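Contents: one structure, followed by commentary.
The values are calculated or read from the model by the stated rules, or taken from the named source; none is laboratory data. Fair warning: this is a prediction, and the values are worked out from it, not measured in the lab. FYI the Cβ positions are ideal-geometry reconstructions off the backbone, even for glycines, and counts take in every protein chain you see.
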């Protein structure tokens, strides 16, 4: 059995009803049939489904028990691919301890791919997930299954060109990385787009100096800052920039509380005789903009913090879910705070993961294999291996069918 499609029948039925479950199952049967891989659909809680493979059903939402089930199943059949259907409420992510000082929960599928356990969570199988957040309509899952099915049918529309978008403050490292992805394409910087015509809905900023204005500032200072940033940030990302693109790369800021990804720029000005330095965070991307673009079959990698955080989210509150709902083929991002080298030219952590992933994708490896090999190369080349490296291995996830290739 080359490929396992894994889900939880009772949880799918509870969320989507019998009719919704039947639609999802039928779509999965079509995907399994068309993929030209020896594929089994397994519901880990269903006795009839598991006993066909000599395994007892998993009755609890326990990640370690689920991991052991996956381990036994994949070892028995020497499987290459594992596709998990559903988000955290269907088959839960592992909640891993953060190895860095951030001390946050790191939601991760990495242990499920680590069939032959090791401390670094090196993947032994190509794993992808089709997430569903907290939607109650099966259309999000059905869209993701349809996207993969159409690719195997050979009716997926081919995309061209590549887009890279970076916070302006991270230009050096982003340009270094993006030039290796696409040599003849200009990296787009925030906030100086040169494209689009809509002013951002809001601008987040902080004052670096003078320190006396960091916590409290006069109205006159606030007015001067607003006037300055309004002229500085003239335009936001035009959907045409990343529409009908094959590869899309983002090196920007993200937050688990809001859907917007934001840029960053340092700006100096004089206000009331004081030398003032601002750090400005303009909106870059949100679901409303994604919906205006054609992202069918796009392959997206984002370094945004929480870029792949989908728990309790919908396509209207998560860029990741919105991309998948609009027909993206693959999405790779982090479920927690991601790390990079903002002021230096050479890539680290998330930058390196992006570079290796795109390297293998461009060589026509399957999405899951490219992600698996990117992690394996990361482990083999990044020395010394520190806490941020370990967290990078945990937090980056792949959404989409791991057995598809770039159209």
Task: Test: residue in the range 264-284 that is within 30 Å of residue 149 (Cα to Cα), in a strand (DSSP E or B) and in contact with a strand residue (DSSP E or B) (Cβ under 7 Å, 6 or more places away or on another chain) - done: no
Task: Selected residue (only one of 181, 125, 105 is touching a helix residue (DSSP H, G or I) at 6+ places or on another chain (Cβ under 9 Å) and not assigned by TED's automatic domain parsing to the domain that holds residue 391) - done: 125
TODO: Return a yes/no flag: does the range 67-79 have any residue that is over 26 Å from residue 310 (Cα atoms), buried (at least 17 other Cβ atoms within 10 Å of the Cβ) and touching a helix residue (DSSP H, G or I) at 6+ places or on another chain (Cβ under 8 Å).
DONE: yes
Task: Check on residue 56, over 23 Å from the mean Cα position of the chain (by Cα), surrounded by 18 or more Cβ atoms within 10 Å (Cβ to Cβ) and in the same structural domain as residue 131 (by TED's automatic domain parsing) - done: no
